[in-house]
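Below: one structure, written as structure tokens.
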Amino acid sequence: MIKIGDIVSVLDEPITGKVISLNGDEITITSDDGFDMVFMANELVKEQSDNLIVPSYEEIEKNLQEKEVFKKKPKRPLIKPKERNIPPMEVDLHIHKLVKSTKGMANHEMVTLQLDTAKRQLDFAISKRIPRVVFIHGVGQGVLKEELKYLFGRYDNISISDADYKKYGLGAMEIYILQNPKNR
């Protein structure tokens, strides 16, 4: 509510002045240049009034310090998990996991099925850019393990190592797929 003595600004003009009289919606102001002007109430905005609250120096200082503390908080960087912390894809090559029954299958057929499964899963992992694959082959006679080493040796851009002994024992190998190989 605008009253006599208020400082006002005109909305669409660069004019500021002091209210000297009110007549309904018509308000007369004395501009900073000393001219008396009449405006409608909806054309004016109150700039300041007599009951302005001025904060003390101590309050201003306190608020500034709080802002400084807020500004100085370091932003936490977005931490992306490293590829080595992503659990590897696991492929269990135990024959009983691949077929319902081995009845009537020769040993050679079983190993061929296991190798085909390993090749298919490794090709899938390469196409989906999965960085690590653990092939669980079991201990046994070591035939499947040697065949897997031969199969994986034909691939470029992979490295072969024993899988985590605590988790898999001696019956597994881990394949690391190099995603961005350097040209040789």
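Using a cut-off of 20 Å between alpha-carbon atoms, which aspartates and glutamates can reach Lys18, once sequence neighbours fewer than 8 places away in the same chain are excluded?
Asp6, Glu26, Asp32, Asp33, Asp36, Glu43, Glu47, Asp50
Checking the table Lys3/Lys62; Lys119/Lys167; Lys100/Lys145; Lys103/Lys166 against a 28 Å threshold on Cα-Cα, which pairs fail?
Details: Lys3/Lys62 34 Å; Lys119/Lys167 23 Å; Lys100/Lys145 22 Å; Lys103/Lys166 33 Å.
Over 28 Å Cα-Cα: Lys3/Lys62; Lys103/Lys166.
Can you tell me how the stretch 86-177 classifies by the Cα gyration tensor, rounded, prolate or oblate, using a/c under 1.5 as the rounded cut?
Working: a/c = 1.71, a/b = 1.46, b/c = 1.17.
Prolate.
Just order 154-166, 87-99, 110-122 by mean Cβ neighbour count inside 10 Å, highest at the front, would you? Walk me through the numbers before you get to the answer.
Numbers: 154-166: 12.0, 87-99: 14.8, 110-122: 16.7.
Averaged packing, sorted descending, gives the order 110-122, 87-99, 154-166.
With a ≥ b ≥ c the root eigenvalues of the C-alpha gyration tensor of the stretch 1-50, is it rounded (a/c under 1.5), prolate (a/b larger than b/c) or oblate? Kindly include the intermediate steps, with their values, before the conclusion.
Working: a/c = 1.18, a/b = 1.12, b/c = 1.05.
Because its axes are fairly even, with a/c under 1.5, the stretch 1-50 counts as rounded.
At a 10 angstrom cut-off on C-beta neighbours, averaged per residue, how do the peptides 143-151, 28-36 rank from highest to lowest? Spell out each step's value before the answer.
Working: 143-151: 15.7, 28-36: 12.8.
Ranking the peptides 143-151, 28-36 by packing returns 143-151, 28-36.
Just so you know, all these numbers are worked out from the coordinates, no wet-lab data involved. It should be emphasised that the depicted structure is a prediction, and the values quoted were computed from it without experimental measurement. Note that each Cβ is placed from the backbone with ideal geometry, even for glycine, and that neighbours are counted across all protein chains shown.
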